[in-house]
Each structure stands twice: as structure tokens, then as C-alpha cells.
Amino acid sequence: MITFGEIKSGISYTWRPGVYGIILIEENLVALIETDDGKCFLPGGGMEESESHEECLIREGKEEMGKLLELGE
């Protein structure tokens with residue numbers, strides 16, 4: 001399991017499953033999301049209550065990249 005950030009004592013955390021995708025732009029290029037502080041992540045994020053993995057990744061693609069993703073294997 002990957003943990004983003006530092007777990008602090010005295011704080012109650014909620015488990016939230018997420019989906020991240022590897023998006024191939026060309027044979028040897030992968031799309032990444034770059035934050036304002038220069039960190040890079042795969043496109044994706046936390047799932048909404050009733051979303052499937054596929055629905056989450058499509059929604060996140062629209063939100064983060066403004067693109068409609070076509071999901072493969």
C-alpha cells in the first residue's frame with residue numbers, strides 16, 4: 001500500500017480506494033500530472049461512492065486532463 005504524506009497521531013483517517021492509469025501517448029511516452037511544486041503523479045484519484053474503477057478513471061481523465069480516455073487492458 002502506498003501512503004501519500006505522513007500519518008499524524010490524533011487524526012482519524014478514512015480509507016478511500018483510488019484508481020490510477022498508465023496512459024501511453026506514444027510507444028515510449030507516458031502521461032503524467034505535474035503539480036505546482038514539480039511533483040509528478042499518474043492520472044487518477046479517489047473513487048466516488050458508487051463508481052467502478054473504469055468510471056473513476058474516465059472521470060479523473062476529464063477532471064485532470066480535460067480528455068475523454070479510452071480504456072484498454
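Per-residue ellipticity at 222 nm computed for the chain from its helices equals -5500 deg cm²/dmol, with DSSP H segments shorter than 4 residues left out and the rest contributing -39,500 (n - 2.57).
In loop segments of the chain as defined by DSSP, the trypsin sites (Lys or Arg not before Pro) with at most 15 further C-beta atoms inside 10 Å of their C-beta are LYS8, LYS39, LYS67. Across ILE22, ILE58, ILE11, mean-square fluctuation computed from a Gaussian network of the chain (C-alpha pairs under 10 Å connected) peaks at ILE11.
Diffusion coefficient of the chain by Stokes-Einstein, Kirkwood radius over Cα pairs, 25 °C, 0.890 mPa s: 176 µm²/s. Between helix 53-65 and the chain, what is the angle of the helix's C-alpha long axis to the longest principal axis, kept within 0 to 90° and rounded to the nearest 10? Tilt relative to the chain: about 80 degrees.
Within the stretch 1-36, which GluC sites (Glu not before Pro) sit in a loop by DSSP and count at most 12 neighbouring Cβ atoms inside 10 Å? Answer in residue order: GLU6, GLU27. Spin-label model, GLU63 to VAL30: label points 7 Å out along the Cα-to-beta-carbon direction sit 2.2 nm apart.
Would you tally the net charge around GLY44, using a Cβ to Cβ cut-off of less than 14 Å, leaving GLY44 out, and scoring K and R as +1, D and E as -1?
-3
Readers should treat all values here as calculations from the given coordinates under stated rules, not as data from a laboratory. None of the values given here were measured: they were computed from a predicted structure. Here Cβ is always computed from backbone atoms with ideal geometry, including for glycine, and neighbour counts include all displayed protein chains.
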